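Read through the structure below, which is laid out as C-alpha cells, and then see the notes.
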Amino acid sequence: YSEGTSFLPLTSDDEFTAPPVFMELGNWIAVRDGDWKLTVERESLEPTHCFNLKDDPFEMNNCVNQGGTEQAKLHALIKDWWTHVNKVKHY
C-alpha cells in the first residue's frame, strides 16, 4: 500500500485540486496548501513562519500569529499529518 493522490483528473476534463504538501527539514516541519505555507518546530509543533505565497512569493514578510483562519487550518493539518506519520513509523 502506498499513499498518494491520483493524477488521473489531470489527463481528463475533471477538476484537479492539489493536496497539501508536507516537508521536513532539520528541526522544522512545513505544509503548503494553496497560497499559504506554515512552518512549525518539530518537537513542539509551535508555528515559526507563515506566508501568503500569492502576496509574498519570496517569503519576505513572516505573518506568523497574524495568519488568522488560514494559519489555524494549516496548523491543524500539520498536527494531524504528524500524528499519522508517527503512527506509521512504528509499524
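The values are calculated or read from the model by the stated rules, or taken from the named source; none is laboratory data. No experiment lies behind these values; they were computed from the predicted model shown. Note: ideal-geometry Cβ built from the backbone for every residue, glycine included; neighbour counts use all protein chains shown. In case anyone asks, the SASA skips ligands and DNA or RNA and just uses the protein heavy atoms, side chains included. Shrake-Rupley method; radii C 1.70, N 1.55, O 1.52, S 1.80 Å.
From the list Gly34, Gly26, pick out the single residue that is within 15 Å of Gln71 (Cβ to Cβ) and open to solvent by 30 Å² or more (accessible area, probe 1.4 Å). The unique qualifying residue is Gly34.
Within region 66-90, being surrounded by 11 or more Cβ atoms within 10 Å (Cβ to Cβ) and of a type in the set (A, V, I, L, M) holds for Ala72, Leu74, Ala76, Leu77, Ile78, Val85.
Filtered by the rule that a residue be within 13 Å of His75 (Cβ to Cβ), without any contact (Cβ under 8 Å) to a residue 40 or more places away in the chain and aliphatic (A, V, I, L, M), region 31-53 gives Val40, Leu45. Answer yes if at least one residue in region 53-65 is surrounded by 13 or more Cβ atoms within 10 Å (Cβ to Cβ), under 11 Å from the mean Cα position of the chain (by Cα), modelled with pLDDT of 90 or more and part of a loop (DSSP other than H, G, I, E, B), and no otherwise. No, every residue in region 53-65 fails to be surrounded by 13 or more Cβ atoms within 10 Å (Cβ to Cβ), under 11 Å from the mean Cα position of the chain (by Cα), modelled with pLDDT of 90 or more and part of a loop (DSSP other than H, G, I, E, B).
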